1. Could you tell me which of the residues B:LYS343, B:LYS327, B:LYS333 is farther than 13 Å from B:ILE307 by Cβ and either within 14 Å of chain A (Cβ to nearest Cβ) or open to solvent by less than 20 Å² (accessible area, probe 1.4 Å) (or both)?
2. Kindly establish whether B:GLY508 is over 30 Å from B:LEU229 (Cα atoms) and assigned by the TED database to the domain that holds B:LYS361.
3. Considering only segment B:302-316, how many residues are open to solvent by 20 Å² or more (accessible area, probe 1.4 Å) and touching a Phe, Trp or Tyr at 6+ places or on another chain (Cβ under 9 Å)?
4. Can you tell me which residues in segment B:220-232 are surrounded by fewer than 21 Cβ atoms within 10 Å (Cβ to Cβ) and more than 14 Å from B:GLY247 (Cβ to Cβ)?
5. In segment B:558-595, what count of residues is obtained for those that are aromatic (Phe, Trp, Tyr) and closer than 30 Å to B:SER502 by Cβ?
6. Scan segment A:514-523 and tell me whether some residue there is part of a helix (DSSP H, G or I) and crowded, with 20+ Cβ neighbours inside 10 Å.
7. Kindly establish whether A:GLY509 is under 16 Å from A:GLY547 (Cβ atoms) and touching a His at 6+ places or on another chain (Cβ under 6 Å).
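The values are calculated or read from the model by the stated rules, or taken from the named source; none is laboratory data. Bear in mind the structure is a predicted one, so any value in this text is a computation, not a measurement. Positions of Cβ are generated from backbone atoms using ideal geometry, with glycine treated the same way; all protein chains shown enter the neighbour counts. To get the accessible areas, we keep the full protein, side chains included, count just its heavy atoms, and leave off ligands, DNA and RNA. Shrake-Rupley method; radii C 1.70, N 1.55, O 1.52, S 1.80 Å.
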There are 2 protein chains.
Amino acid sequence: MADNQSTPRQPSRREPVLTPGGVADQLSRLELPAPSNLNLEIPNRSNLPPAPDSAISTTSIRSNDTGDISGPEPEYITQARNKNRSESVSEQLSAQLSKMNFPQPEHIFGPNEGGSAAAKERNAQNQGVSDADWARVQLDDEVPEAVKEPVRMTHSRNVSRVDAATPSHASLQPSPIPEGTETAAVAREQKITPFDVEGGVDADGKETGIDYEKVVRRFGATMISPDLLERFEKLTGHRPHPLLRRGTFFSHRDFNLILDRYEKGQPFYLYTGRGPSSDSMHMGHLIPFMFTAWLQRVFNVPLVVQITDDEKYLLERDAKKQAALQKKIKAKKPLNLLDHYHKMGQDNIKDIIACGVLPEKTFIFSNLSYVGGPFYRNVVLMGKTLTVNNVKGVFGFSDSDNAGMFHFAAIQATPSFSNSFPQIFGERDDIPCLIPCAIDQDPYFLVTRDSADKLGYKKPCLLHSKFLPALQGANTKMSASNENSAIFMTDDAKKIAKKIKSHAFSGGGATQEEHQRLGGNPDIDVAYQYLSFFEDDDEKMKSLSDGYRAGTLSTSQMKEACIAKITAVVEEFQKNRAAVTDEILHAYQDPTRKIDPRPVAKTQE
Amino acid sequence: MADNQSTPRQPSRREPVLTPGGVADQLSRLELPAPSNLNLEIPNRSNLPPAPDSAISTTSIRSNDTGDISGPEPEYITQARNKNRSESVSEQLSAQLSKMNFPQPEHIFGPNEGGSAAAKERNAQNQGVSDADWARVQLDDEVPEAVKEPVRMTHSRNVSRVDAATPSHASLQPSPIPEGTETAAVAREQKITPFDVEGGVDADGKETGIDYEKVVRRFGATMISPDLLERFEKLTGHRPHPLLRRGTFFSHRDFNLILDRYEKGQPFYLYTGRGPSSDSMHMGHLIPFMFTAWLQRVFNVPLVVQITDDEKYLLERDAKKQAALQKKIKAKKPLNLLDHYHKMGQDNIKDIIACGVLPEKTFIFSNLSYVGGPFYRNVVLMGKTLTVNNVKGVFGFSDSDNAGMFHFAAIQATPSFSNSFPQIFGERDDIPCLIPCAIDQDPYFLVTRDSADKLGYKKPCLLHSKFLPALQGANTKMSASNENSAIFMTDDAKKIAKKIKSHAFSGGGATQEEHQRLGGNPDIDVAYQYLSFFEDDDEKMKSLSDGYRAGTLSTSQMKEACIAKITAVVEEFQKNRAAVTDEILHAYQDPTRKIDPRPVAKTQE
């Protein structure tokens, strides 16, 4: 089919036109470094012989459990397909997408600039799962404290936490944690929930920040060990992403099982999501997607991205705030407000595409558009596994909250089950997913993991990240409504420089003299932190850190290094973002576009 | 388009083939009385000049608010449409359906055998809404007691009530009604909820049956008055259906407003639904659909039918019963059980089609297949209007019930809003619906009516029916699991005769001698009741009733009259049912098939 389309890797550079060919052409115009510059040697892309009709070579499959989804096509797909007697636009586009070299923004993701040769060598040894890792998996199946010890929460998801509504019924909250009484300053435990993140306060009323090890123990998750990262590197031939090896992604559930599957050539996929926010996305919003896109390219697996435009409407408990928004956007009815959230989500999807997710392996969907059919089937199944008691316990909702909120956990759980996406997995329900998310989203997937057993489905695996600091430091939150709390992806070079110079919390000495005498602290220095998310070169980071502690590197020098990196990342993003047309936007969201989930060989050495 | 298809009213009689033409041909083979025999003079069918491309003549529109849905096509439809570059199967089928004379089983619906001339005369006077009717509308807007005074319920919907799970947490139930204490026999109030129907018990422990007037007062609905029926007859030119004029449909909400719209030529539509049950449907299941199909033909408006296969899974609270079913059907996972309910629903849809709903104006949908897009948008909007407190109050659920149940009210509410069906109404949300349902379903639509205001949508209007008696009489329930409690639509003539002779509760004397001496009571005689649902001839009914009371008509004569009518109804149904192929089944469920909602003139005299 579509033999007369542009050749696989050399799309012609015509002016964009609104045809399948035009869309494909536009996709190819994202001006990213040529494939030859890629340091991330993604095996199937650089090492496999090119397959004329598909990037997938069947000769590369290694095990029996390969993700072959042959057999009868599911009814849902057949029905959709039968509607199109002629070859559909989406099929033509799909064929082209699968042949293309689309955005590979490795600069954003931190190219694997060192260690790749060593990694390849270790990879050849092909080691199995360690006993320690295996034991951890068993522990994960226990019911964690979080389920038993609910706390009151407000909601957000990959959205800066101050955006979330403030809980108004604190007295209703069944709280096992000693809370502040009327005494002015007393010790208070930290709170980490999908809706609320608060560091602890000590007996003197001083903020103690977030103790992540404690969170992990409480949730019953597992810290990411050096062994696990070493295994990752051996198997994939890639150094862990800076966010992984420098501990922003610091905890997991069953990531070792995902590595087992990768090792054996068994299929799995990635799932992440986003509650739509205002059109200005800041860096904190996008770093998780940059990381996820990097993971996708390393593993070369399907990715599904859920845009929870429904949640945004349901979970806003601040009725006044929502009414004000409704007035501001001149929404006559609640329906118009819902449409507004939907449109915000569409803008956000363009940003997510610009993060470089693989076009031929990625499906992005808005709940308001996609919920239905096989997806809705799983929502119903999931909904029945959750009692109102469960939901109250895990999320801290009360009887005055709306029924949609209680049900929403089923909606966020459902992308964890592979048969929710028949265009990718057919009717197979035995393909697990890996979910990179901030630690506060864990409770959703904790209930999902419990329910997966009841439904006879695979449990989702998780990678947890810490919270990214605001420019003002870890005790402030990045907020879309506070211009100076974050770098926005629309900021220009001048603004980035100004924000970092004026607002980035410094770990340096109070004066230049003091800095030179006593040195600075890079661990609390925001410029150093931001740099660490993107700078792949460990030597460079060590030299900056050492110099800072010694007082030989000044705060302004540290900031200059940060500005240079962040500006490069943002500018690259902006270039990609500008190239994402509405046609590209729709192509990613086309539910009839087939995606091949079959694993390919990791290396051919 | 499709100019070369079979001519409107004379489809050719070829052997069925699986093409659009073949499907249309099959539709036409349902051997029903020819149009000339129709006593139900549905105005636009018999009196309007035939329009070559559509049954809708624009010259027939009477008012400004006509239901014209011209203007930009909604995005949802455009997207679906754009997928089909060639003319789609569904469009061809739709064009054909709109030109066809499909099942017109007027025998089932009770043809309007008398009074039609008088009705026409009155119709010419074209009277407006009475002040009394108008005042009732105002009252309907008050919050009814049912919302304030919740009772505990289990669930069913147009399904015999003993099918529903028995509530297991009676103690949790917030009941404002004085209930039985530990004393053996005391007075007990009746209970009518979507999940439970129980007659009252008097101080002596004797069952008092259901006091429908009391239910109506409690729910804040309005009894159907003779004036209202007279107005119906004047406006439509049709005598009210036997179920309406003999009081099975006995109560309403805003039915007068629907008549107002009908009078002014303003659009509205019908909505009904069904929770799927085992493949054996009995007469009690189908009478509501026969009535709805009759209403549709009188009003000539769109009808949407919701099959709540999702509800069937979510609302079954008897875990043991569901586990037993899962085992019986060899369902490995909950998903297989859900599929089982879906398949039951598909069988039920064939039965509903055989009741004679208008093919070109009817959309039937399974929630598991249709929920999504614009429909899901309204589910989300509706979900947010219902607090957990509301749902507990109205439906009597508790914290140990699942979150899906709480959310389900939003799913059953959503077909009340016209923009849930873009293929019919485009983006218009100002077209109200009329819902014929049993009185126990009223609470769903009561919350819907409250929420409609909040959402800026039209309130649904309702027609309430009483419960149909089992063969054993009003104190027993028809049950699909009790073969002898009901006439099944698959019963043959012999079985029908045997069931009525052996099991139909008789209002006659204990002995023949006593019957002749004291006479019988037709009001509790099941044979007479069943006959009254279908026999249009009031003279005949009066003569049977008079003879019975006088003792001149014997019980066996009454039963013979009933057997003759019921057998004719069932046999006609069976003939229609046999003609419903899978292609017809799918055509009714095709969400891309356009349905024209524009009203047509009622008469052209």
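1. Working: B:LYS343 fails: farther than 13 Å from B:ILE307 by Cβ; B:LYS327 fails: either within 14 Å of chain A (Cβ to nearest Cβ) or open to solvent by less than 20 Å² (accessible area, probe 1.4 Å) (or both).
None of the others qualify; the one that does is B:LYS333.
2. Values: over 30 Å from B:LEU229 (Cα atoms): yes; assigned by the TED database to the domain that holds B:LYS361: no.
Against the criterion (over 30 Å from B:LEU229 (Cα atoms) and assigned by the TED database to the domain that holds B:LYS361), B:GLY508 does not qualify.
3. So in segment B:302-316, the residues open to solvent by 20 Å² or more (accessible area, probe 1.4 Å) come out as B:312, B:316.
Narrowing the set further to residues that are touching a Phe, Trp or Tyr at 6+ places or on another chain (Cβ under 9 Å) leaves B:312.
Looking only at that region, the number is 1.
4. Across segment B:220-232, the qualifying residues are B:GLY220, B:ASP227, B:GLU230.
5. Step one: list which residues in segment B:558-595 are aromatic (Phe, Trp, Tyr), which gives B:573, B:588.
From what's left, closer than 30 Å to B:SER502 by Cβ: B:573.
Adding up the residues that qualify gives 1.
6. Taking segment A:514-523 first, the residues part of a helix (DSSP H, G or I) are A:514-518, A:522-523.
From what's left, crowded, with 20+ Cβ neighbours inside 10 Å: A:515, A:522.
Yes: one or more hits.
7. Details: under 16 Å from A:GLY547 (Cβ atoms): yes; touching a His at 6+ places or on another chain (Cβ under 6 Å): yes.
It is true that A:GLY509 is under 16 Å from A:GLY547 (Cβ atoms) and touching a His at 6+ places or on another chain (Cβ under 6 Å).
Residues are listed down the side, and each one gets a yes or a no for (1) under 20 Å from A:LEU518 (Cα atoms); (2) touching a residue at least 24 places away in the same chain (Cβ under 8 Å); (3) out of contact with any Ser or Thr (no Cβ under 6 Å at 6 or more places or on another chain):
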{"position": "A:LYS540", "(1), (2), (3)": "no, no, yes"}
{"position": "A:GLY551", "(1), (2), (3)": "yes, yes, yes"}
{"position": "A:GLN557", "(1), (2), (3)": "yes, no, yes"}
{"position": "A:ALA561", "(1), (2), (3)": "no, yes, yes"}
{"position": "A:ALA564", "(1), (2), (3)": "no, no, yes"}
{"position": "A:GLN574", "(1), (2), (3)": "no, yes, yes"}
{"position": "A:ALA578", "(1), (2), (3)": "no, no, yes"}
{"position": "A:GLN589", "(1), (2), (3)": "no, yes, yes"}
